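Chemist: Input: one structure, supplied below.
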Amino acid sequence: MSPVLDNLDLYVDGFLTSLRIIVYSLIGCLLLGLIIAACRVSPVPPLRAFGTFWVTTFRNTPLTVVLVFCAFGLPELGINRSFFFFGVLGLILYTSAFVAEAIRAGINSVPAGQAEAARSLGLGFSLTLRDVVLPQALRTVVPPLGSVLIAMFKNSAVVGAFGVGGDLWSTGQILTSARGYETLPVFIGVAIGYLLITLPAGALLQVIERKVAIAR
Amino acid sequence: MTSATRQHPLVELSGVQKWFGDLHVLADVDLAIDAGEVVVVIGPSGSGKSTLCRAINRLEPIQQGEIRVDGELLPEEGKALARLRADVGMVFQNFNLFAHKTVLQNVTLGPVKVRHRSKGEADKRARELLDRVGVGNQADKYPAQLSGGQQQRVAIARALAMDPKVMLFDEPTSALDPEMINEVLDVMTSLARDGMTMVVITHEMGFARRAANRVVFMDGGRIVESADPETFFTRPTSDRAKDFLSKILTH
């Protein structure tokens, strides 16, 4: 494992960059996914159509295509930002479709009578969703949402492959192709780096799942 | 209060039509309910009585006709509809208490979020109402910890907390064990005595006789007969009502 230990500082840098991609994408895709899910269950037909369009587009387009569009297509439209920005943006857009569907499944698992009772008290759509439906949807949402998010954590490596310099994936790339290290030990190190993120995240999800389950 | 002190009925349906696909669930329904009146709607399953009840606060939209509550035409979706619904209390067959909130939180949600009352004020009023329906000592429990009868009484308190102009009861005792039916009917009877305007869909003929000012009999989406309880139960005019009553009153 000497390639890993010799380049530990490079690995730490890569780990931190991956973590930054993941944290920004996590916040972005949860917020955007929630908005898209709200659109999909909205009583306003144009919003529903928009939500459906969004999910259909980003769920059915390969992540690499979304990333190419963001990183190389948007600059052609005159939008100039860093590759880091475009990488995170692409990952957010792509993942938001899956987040939205996980949340929508949770919303649909709440009995219709709950929303009817809220509406009959005079609560509007957003209050009904926020105070009555979503808190109850959370319970069923945690496991599928967890899978979507962990997939997103791993997809951050694809963002790295798209030229976001210095994340875990590119650390492995640099060590093997530019500096001539052997692939196997280098990428075992990379894999361990990702496991250091995904395994605690999985454990945290289990804790959350137990927490929200008690509330019933 | 009677219609004499108002210009208009509190709830007024005129020429209401609704279809579920080919099924004509509400056909030419005209009904006017005055303030303080207790109207019991009875009829066989599928007669449209639940749909009628749910149409009054637009949980079921209608396709033709007009529904007015306190003179105001029922708005389409949006803020105006939410405002109107706040004035129309609704009690459901399956209680529909918010499962993730305590009994007290169930009763205060509407007053705090919709009427913008302070939490302290809403709590105080909620506890009064819970005492009134006899579940004051259950305030901090969750709905799942209560019996069906207790849950339905909480649901009534939740609706009353909004100070509604009219209360709609959609088969409030149909999901209850027999020994719990009376505790709910007693609360409803006392509400009726206090002058609450009520529309009650029920199979409880005893309640209809005791508390109703008027019994409306529905069949096939139509109002077939409308009379005071004494007249309806002793001298029904339509064959359909006679047939219905002969089936339910013999045992």
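The values are calculated or read from the model by the stated rules, or taken from the named source; none is laboratory data. As the structure is a prediction and not an experimental result, all values here were calculated from the model. Ideal geometry is used to build each Cβ from the backbone, glycine not excepted, and the neighbour counts take in all protein chains shown. Only protein heavy atoms, including side chains, enter the accessible area calculation; ligands, DNA and RNA are left aside. Shrake-Rupley method; radii C 1.70, N 1.55, O 1.52, S 1.80 Å.
Chemist: For the stretch B:191-208, which residues satisfy the criterion of being open to solvent by 50 Å² or more (accessible area, probe 1.4 Å), in a helix (DSSP H, G or I) and in contact (Cβ under 8 Å) with a residue 24 or more places away in the chain? Outline the logic, then answer.
Modeler: First pass over the stretch B:191-208, keeping only residues open to solvent by 50 Å² or more (accessible area, probe 1.4 Å): B:193-194, B:203-204.
Filter once more, keeping what is in a helix (DSSP H, G or I): B:193.
Across the stretch B:191-208, there are no qualifying residues.
Every residue, every condition in (1) within 11 Å of another protein chain (Cβ to nearest Cβ); (2) crowded, with 24+ Cβ neighbours inside 10 Å; (3) aromatic (Phe, Trp, Tyr), yes or no:
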{"position": "B:Pro75", "(1), (2), (3)": "no, no, no"}
{"position": "B:Asn106", "(1), (2), (3)": "yes, yes, no"}
{"position": "B:Val114", "(1), (2), (3)": "yes, no, no"}
{"position": "B:Gly120", "(1), (2), (3)": "no, no, no"}
{"position": "B:Gly136", "(1), (2), (3)": "no, no, no"}
{"position": "B:Arg153", "(1), (2), (3)": "no, yes, no"}
{"position": "B:Pro164", "(1), (2), (3)": "yes, no, no"}
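Chemist: Return the total of residues in the stretch A:50-62 being in a helix (DSSP H, G or I) and either within 17 Å of the chain's Cα centre (by Cα) or loosely packed, with under 13 Cβ neighbours inside 10 Å (or both). Can you show your working first?
Modeler: Just the residues of the stretch A:50-62 that are in a helix (DSSP H, G or I), to begin with: A:50-59.
Imposing the further condition that a residue be either within 17 Å of the chain's Cα centre (by Cα) or loosely packed, with under 13 Cβ neighbours inside 10 Å (or both) reduces the set to A:53-59.
Counting residues in the stretch A:50-62 that are in a helix (DSSP H, G or I) and either within 17 Å of the chain's Cα centre (by Cα) or loosely packed, with under 13 Cβ neighbours inside 10 Å (or both) gives 7.
Chemist: Can you go through B:Phe98, B:Phe92 and tell me which one is under 30 Å from B:Asp22 (Cβ atoms), crowded, with 20+ Cβ neighbours inside 10 Å and either among the basic types (Lys, Arg) or at the interface with chain A (Cβ under 9 Å from one of its Cβ atoms) (or both)?
Modeler: On the way: B:Phe98 fails: under 30 Å from B:Asp22 (Cβ atoms).
None of the other options fit; the residue is B:Phe92.
Chemist: Within the stretch A:98-118, is there a residue that is more than 30 Å from B:Met90 (Cα to Cα) and in a loop (DSSP other than H, G, I, E, B)? If you could, list the steps in order and put the result at the bottom.
Modeler: Taking the stretch A:98-118 and keeping what is more than 30 Å from B:Met90 (Cα to Cα), we get A:98-102.
Retained after the next criterion (residues that are in a loop (DSSP other than H, G, I, E, B)): none.
No, the stretch A:98-118 has no match at all.
Chemist: Next question, about the same structure. Among the listed residues B:Arg68, B:Arg132, B:Arg127, which satisfies the condition of being open to solvent by 70 Å² or more (accessible area, probe 1.4 Å), away from every other protein chain (no Cβ under 14 Å), closer than 26 Å to B:Thr189 by Cα and within 18 Å of the chain's Cα centre (by Cα)? Step through it out loud before you land on a result.
Modeler: Working: B:Arg132 fails: within 18 Å of the chain's Cα centre (by Cα); B:Arg127 fails: within 18 Å of the chain's Cα centre (by Cα).
Testing whether each residue is open to solvent by 70 Å² or more (accessible area, probe 1.4 Å), away from every other protein chain (no Cβ under 14 Å), closer than 26 Å to B:Thr189 by Cα and within 18 Å of the chain's Cα centre (by Cα) leaves just B:Arg68.
Chemist: Here are some conditions: (1) out of contact with any Leu (no Cβ under 7 Å at 6 or more places or on another chain); (2) modelled with pLDDT of 95 or more; (3) assigned to a helix (DSSP H, G or I); (4) open to solvent by 20 Å² or more (accessible area, probe 1.4 Å). A:Tyr94 meets all but one. Which one does it not meet?
Modeler: Going through (1) out of contact with any Leu (no Cβ under 7 Å at 6 or more places or on another chain); (2) modelled with pLDDT of 95 or more; (3) assigned to a helix (DSSP H, G or I); (4) open to solvent by 20 Å² or more (accessible area, probe 1.4 Å) one by one, A:Tyr94 breaks only (1).
Chemist: Separate question: Of all residues being small (Gly, Ala, Ser) and assigned to a helix (DSSP H, G or I) in the stretch A:119-145, which is nearest to the other protein chains (Cβ to nearest Cβ)? Just the residue, please. Steps first, answer last, please.
Modeler: So in the stretch A:119-145, the residues small (Gly, Ala, Ser) come out as A:120, A:122, A:124, A:126, A:137.
Narrowing the set further to residues that are assigned to a helix (DSSP H, G or I) leaves A:120, A:126, A:137.
Working: A:Ser120: 4, A:Ser126: 10, A:Ala137: 10 Å.
Among those residues, the one meeting the criterion is A:Ser120.
Chemist: While we're on this one: Run down B:Ala241, B:Ala211 and say which single residue is open to solvent by less than 30 Å² (accessible area, probe 1.4 Å), within 29 Å of B:Ala27 (Cα to Cα), at pLDDT below 95 and within 16 Å of the chain's Cα centre (by Cα). Break it down into steps so the answer makes sense when it comes.
Modeler: On the way: B:Ala241 fails: within 16 Å of the chain's Cα centre (by Cα).
After ruling out the rest, the residue left standing is B:Ala211.
Chemist: Among the residues of the stretch A:172-182, which ones are within 28 Å of the chain's Cα centre (by Cα) and either more than 14 Å from A:Gly160 (Cβ to Cβ) or open to solvent by 50 Å² or more (accessible area, probe 1.4 Å) (or both)? Show your work before the answer.
Modeler: Here is the first cut: in the stretch A:172-182, the ones within 28 Å of the chain's Cα centre (by Cα) are A:172-175.
Answer for the stretch A:172-182, where residues must be within 28 Å of the chain's Cα centre (by Cα) and either more than 14 Å from A:Gly160 (Cβ to Cβ) or open to solvent by 50 Å² or more (accessible area, probe 1.4 Å) (or both): A:Gln173, A:Ile174.
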